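**Student:** Here you go, one structure.
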Amino acid sequence: MRTADAWRLSAIPYSEMAFRSILQNSSNMWWGSFGRGSAEVSGREDLVKRALRIARFDKFIITAFVVVATSAPFLPQTLGASYGISASVTLSLAVSFALIILYGVQTLSSFVTSGPSPVLSTLPLTRNEVSLVNLLSFVRTSDYLVVGSVVCQVFFVSIVTGSALSALFMLLAGAMNSVMGVGVALWLSSIFYRNILGSKQGRRAGVLRLAMLLAWGVVVLGIGVLFAAAGYLIPLVQSVLASPDALTGSILSLFYPFSLGISVGAVAHGFASSLIEWTALGATVGYLLVAVAVSRWSMSSVASFPEGASRITGSERTKDTSVSLHKPVTAYALKDLRAASANLPSAFLFALPAFETLVILLIRAFLPTLRASTLLVAMVLGGMFSLVLPLVLVSSEGTGFDFAKTMPLRMRTIVFSKALIATAVFLPAIAVVLTESLLKPFTSSFSILILLASILAVAAASLLEVRLFLGFAPSGRVTFALQEFGRMAAGAGVVLLPATIYAVAYIPTLNHALAAGAMVAVASAELLAISEFVRRS
Amino acid sequence: MVDALIEAHGLTKSYGTFGALNGLELKVMPGEIYGLLGPNGAGKTTTLRITAGLTEPTKGSVAVSGFDATKDPLHAKALTGYVAEIPILYESLTPRALLDFEASVRGLANDSVNRRARQLAEAFEVTSFFDTPIATLSMGTKQKIAIIAALLHQPPALLLDEPLNSLDARSSRILKELLSLHVQRGGAVLFSTHVMEIAQRLCSRIGIIFGGKIVAEGDLDQLRARAGEKDATLEEVFMKLTNEASEVESIVRMLRESFFDDEDR
């Protein structure tokens, strides 16, 4: 079989693989609705149609996003910033590395659990031909992403530096970065889906899975930080890297992707002229060898999938069939948590409390007292993070939702259970602020009411969001995404209203007690009204 | 007079211009295994899904023990156990977590649910898979888990969509015995299949569904009489009642000619 024929043939297993992965990780169907429309037809039928639609456009949309994200760090230089390019290259490589992994894990889940296309093995093809088709299907999972990000990086480096050599070096660095990103995605998928999810759920597997989920959550949320703080991070990192004697710079130059960023910068201005740059170049050679090894491992792993991944069953056999009983709301919440923990793309849920707490603490880290205004901003921001959860929890139901629908379950039980999780995720941040208040006094003791009002508002917003996500049919394909953002915006409005009332009450009166009291009153009213709305549904 | 456990009146379901059900009438009495027999696309699955509360009918109603499945779905669902043709389960959960969830939501008693879970798991030989994610199980084992979930709360009405499809001989036999015991205790089973032998051996009454309607129902003798085919097999009766006999014969003739033509060349 010619490579061109194999490439053409690989489009079919790739499409099937993308479709199956999306269907499997239905929490990624953020642009598909989950309303009564799905109950009208069959839940499975609706999900399948949505997965097919997403599989068709997913790669293009993600590629567009990757292109924007990898270009963004170069904006300061293109707008005339005078500092060097090392930090921008580093950040761009870090972002594209993380995004390739994120997308790769989503797409490769079905690759590692059942092989790219079990049908291929039944056709009259030799083992080598099947391996070649598999390999090319694997290449297709990230071809546009890799080409898009590398072209952008090379383009901006050549524009900013005007050096052909540094552009060439950037091409090498981008290629290395992509190979390692795809390799890490394959490795993560193998570990999570084959070895952990696919084996008996023992204590060791549980601990491993939790550790992996937390690490994964940190990566996902870390990308958010990189975006949010890019304007602040680039000059900061650049100033560290530009100082030839700085110990921090020397240490950073050993680490990926700083070594690559510093090396591209060094090539741009002639050649290595400092210890940091020489160290970075040395480390880059090391990473090149790692990239070669990763690429060999990836290719041999992919080539070993022709038979299709075998079904994995626990080697340890249990004899215990005991079943534990809970209240329906608790049982539903437990089910949601268990389902989310078996799904890497929704796993950031488990890292969200730590992340929220970090953001809330950072906002006020350098202030000697807990001012009401900063507390208000921090709480609103934390609350906004929690509002992502209802969408994740509703979408993660997947095709299994039909199972729940055969049971005597009220809509409100499902809504309350999901809102319970979303609110619970917000509570650690509140606990940390309360602990902090023992060390740093509130400027007004009434500020503590802001915390109470925030919990009430987040609970109300979560209830409303879940109810909206579960309750209303989508009106058309094109408006799916807009409708879902609209539903999230309704939740955001519920979180913002009490904070706005605080400001409206405080500015003319300068009375914290009155403002905090009004905030609690409004948040309580929201919670009561929305609870009643849910109860009646 | 004994009331029907499952009763459908004028059940109609349209998907766009396609009518999956066209005014279906159905009664399943306590102590009865009612087999819905029909070709692919006849409306068997849609009937079962509407009765299970998974799909809303376009028109008509279906009641379980007098509770309307669309107007009072909670009562109707409490009284039914449903097994889909392709098992619908939360695949990322383990069977234990799935049964925890189901037993909790249904508010079952701890002692009875644990006893029943153990008995059913042993009967279907799935005990060793209780902590294995459902996604990794074979289709047959998933089917067994779906059956256990449907039987766990001992519902009076069982709705089974081709339940024997993926089962091995041993499990098929056990399921058939369980269904017999279930109807002996006054329960009812609404059972869909397109396998004639199963329908003939297992069902006390058979409804032949075609084009979204029951075109004939009764035991085998009643169906033979209806078709005017004394001593005919169920397959022959089915072909006659669904007017497919002549069509099938002409297709077989065409295939035979085509095969022999190929050989001659």
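Bear in mind these aren't lab numbers, they're just calculated from the coordinates by the rules spelled out. Predicted model, so just to flag it, every value in this text is computed and none were measured. Note that each Cβ is placed from the backbone with ideal geometry, even for glycine, and that neighbours are counted across all protein chains shown.
**Student:** Going by how many other Cβ atoms sit within 10 Å of their own, how do A:Leu463, A:Leu387 line up, fewest first?
**Tutor:** Listed from fewest to most nearby Cβ atoms, that is A:Leu387, A:Leu463.
**Student:** Based on DSSP H runs of at least 4 residues, each adding -39500 (n - 2.57), what is the mean residue ellipticity at 222 nm of chain B after dividing by all its residues, to the nearest 500 deg cm²/dmol?
**Tutor:** -12500 deg cm²/dmol
**Student:** Grab the alpha carbons of segment B:6-231, take their convex hull, and tell me the volume per residue in Å³. Don't skip to the answer; put the middle values down first.
**Tutor:** Working: hull volume 27.9 nm³, N = 226.
So the per-residue Cα hull volume is 123 Å³.
**Student:** Ordered by residue, what ³J(HN,Hα) values in Hz, to whole numbers, does segment B:213-225 give under the Karplus form 6.51 cos²θ - 1.76 cosθ + 1.60, where θ = phi - 60° and Gly and Pro are x?
**Tutor:** Listing the rounded values in order: 9, 7, 8, 6, 8, x, 7, 4, 5, 4, 5, 4, 4 Hz.
**Student:** Here's a follow-up. Report, by chain and number, residues whose modeled amide H sits under 5 Å from the one on B:Gly38, excluding near sequence neighbours (fewer than 5 apart, same chain).
**Tutor:** Result for B:Gly38 returns B:Thr193, B:Ile209.
**Student:** Considering only B:Val248, B:Val126, B:Val113, give the residue with the highest GNM mean-square fluctuation for chain B, with springs between Cα atoms whenever their separation is below 10 Å.
**Tutor:** Comparing B:Val248, B:Val126, B:Val113 in the GNM, the peak value goes to B:Val248.
**Student:** Right, something else. For A:Tyr256, B:Tyr90, A:Tyr144, what ranking results if the residue with the fewest other Cβ atoms within 10 Å of its Cβ goes first?
**Tutor:** A:Tyr144, A:Tyr256, B:Tyr90
**Student:** Just tell me how shielded B:144-155 is by partners: mean number of partner chain Cβ atoms within 10 Å of each residue's Cβ, no decimals. List each step's numbers first, then the result.
**Tutor:** Values: counts 0, 0, 1, 0, 1, 3, 1, 0, 1, 2, 0, 0.
Going residue by residue through B:144-155 and averaging, the value is 1.
**Student:** Quick one: Cα centre-to-centre distance for segment B:163-192 and segment A:391-453, in angstrom?
**Tutor:** Result: 44 Å between the Cα centres.
**Student:** Next up: In a GNM of chain B with a 10 Å cut-off on Cα contacts, which of B:Gly187, B:Gly218, B:Gly107 has the highest mean-square fluctuation?
**Tutor:** Comparing B:Gly187, B:Gly218, B:Gly107 in the GNM, the peak value goes to B:Gly107.
**Student:** Let me ask something else. Assigning unit charges at the beta carbon (Lys, Arg +1; Asp, Glu -1) and nothing else, what dipole magnitude in debye, to the nearest 20, does segment B:6-231 show about its Cα centre?
**Tutor:** Roughly 140 debye for segment B:6-231.
**Student:** Just for the Cα atoms in segment B:64-116, what are the lengths along the principal axes, largest first, rounded to whole Å?
**Tutor:** So the three principal-axis extents are 33, 30, 15 Å.
**Student:** Shifting gears a bit: Arranged by the count of other C-beta atoms within 10 angstrom, fewest first, what order do A:Phe426, A:Phe446, A:Phe155 take? Present the calculation step by step, with values, prior to reporting the outcome.
**Tutor:** Numbers: A:Phe426 25, A:Phe446 18, A:Phe155 14.
Placing the least packed residue first, the sequence is A:Phe155, A:Phe446, A:Phe426.
**Student:** Counting DSSP beta bridges with both partners in segment B:6-231, what percentage is antiparallel, nearest 5? If you can, show how the numbers build up before the last one.
**Tutor:** Values: 20 of 38 bridges.
If we restrict to bridges inside segment B:6-231, about 55 percent are antiparallel.
**Student:** On to the next question. Place a +1 charge on the Cβ of each Lys and Arg in segment B:155-265 and a -1 charge on the Cβ of each Asp and Glu, then give the dipole magnitude about the Cα centre in debye, rounded to the nearest 20.
**Tutor:** Computed charge dipole of segment B:155-265: roughly 740 debye.
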